[in-house]
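Here's the structure, in structure tokens; my notes come after.
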Amino acid sequence: MECEPEKWCEVTVPTVGDRVFVHKMDSFGEVIEHDEKSGDYRIQFVSGTKIYARTGDFIVKYDERLPAWQTMWSFSDGFDDRWLKEWDGLEAMSECGFRIYEHDDFGYFFGIDGAGYDFYEAHWIPLYKARGILWHKEG
């Protein structure tokens, strides 16, 4: 990936809690709300000022270009890729704390940007629930 950065890009959707840099304010803030109907994000700055912005008005600031540990996964089934692309999967996975990338040759892949907590509880189980998959027996 590092040898061919032009072949892939991050497609993670901004979510509540993300640290962002707002271009017109030339300042950092935090996403505190997202109106899905309008597409607007409400951003609060350290000063307490709050504004509404659209995706192109700001960029999410991550510590690194790739997730922690540079450990990535991809789906093994084309149906999962369809869910990601066509059925709000990008937003659902982003809300579950995954960073998602699209590669010209390999399709989608994703990673977790974190350490020191239970990844299953914080990411994988919420993703399982967001998908509505029932591979387990209730009770």
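The values are calculated or read from the model by the stated rules, or taken from the named source; none is laboratory data. Predicted model, so just to flag it, every value in this text is computed and none were measured. Neighbour counts are summed over all protein chains in view; Cβ atoms, including those assigned to glycine, are modelled from backbone coordinates with ideal geometry.
In the range 20-38, which residue that is closer than 17 Å to Glu95 by Cα and either of a type in the set (Gly, Ala, Ser) or loosely packed, with under 14 Cβ neighbours inside 10 Å (or both) is farthest from the chain's Cα centre (by Cα)?
Lys37
Somewhere in the range 53-70, is a residue at pLDDT 85 or above and under 21 Å from Leu127 (Cβ atoms)?
yes
Within the range 42-49, is even one residue under 16 Å from the mean Cα position of the chain (by Cα) and at pLDDT 90 or above?
No.
Out of the range 83-139, which residues are aliphatic (A, V, I, L, M) and over 16 Å from Gly17 (Cβ atoms)?
Leu84, Leu90, Ile100, Ala115, Ile125, Leu127, Ala130, Ile133, Leu134 - these are the residues of the range 83-139 that are aliphatic (A, V, I, L, M) and over 16 Å from Gly17 (Cβ atoms).
Looking for whichever is within 15 Å of the chain's Cα centre (by Cα) and either modelled with pLDDT of 85 or more or more than 23 Å from Lys61 (Cα to Cα) (or both) here; the options are Gly78, Gly107, Gly111. Which one fits?
Gly111
Could you please give the count of residues in the range 17-71 that are in contact with a Lys or Arg (Cβ under 9 Å, 6 or more places away or on another chain) and either on the phi > 0 side of the Ramachandran plot or among the β-branched types (Val, Ile, Thr) (or both)?
7
Of all residues being part of a loop (DSSP other than H, G, I, E, B) and without any contact (Cβ under 8 Å) to a residue 40 or more places away in the chain in the range 17-31, which is nearest to Leu84 (Cα to Cα)? Just the residue, please.
Filtering the range 17-31 for residues that are part of a loop (DSSP other than H, G, I, E, B) and without any contact (Cβ under 8 Å) to a residue 40 or more places away in the chain, the one nearest to Leu84 (Cα to Cα) comes out as Gly17.
Filter the strands (runs of 3 or more DSSP E) completely within the range 39-116 down to those with at least 2 residues that are surrounded by fewer than 17 Cβ atoms within 10 Å (Cβ to Cβ), touching a residue at least 24 places away in the same chain (Cβ under 8 Å) and hydroxyl-bearing (Ser, Thr, Tyr).
The strands (runs of 3 or more DSSP E) meeting that bar number zero.
Considering Tyr128, Tyr120, which residue is modelled with pLDDT under 90, in a helix (DSSP H, G or I) and out of contact with any Phe, Trp or Tyr (no Cβ under 9 Å at 6 or more places or on another chain)?
Criteria check complete, one pass: Tyr120.
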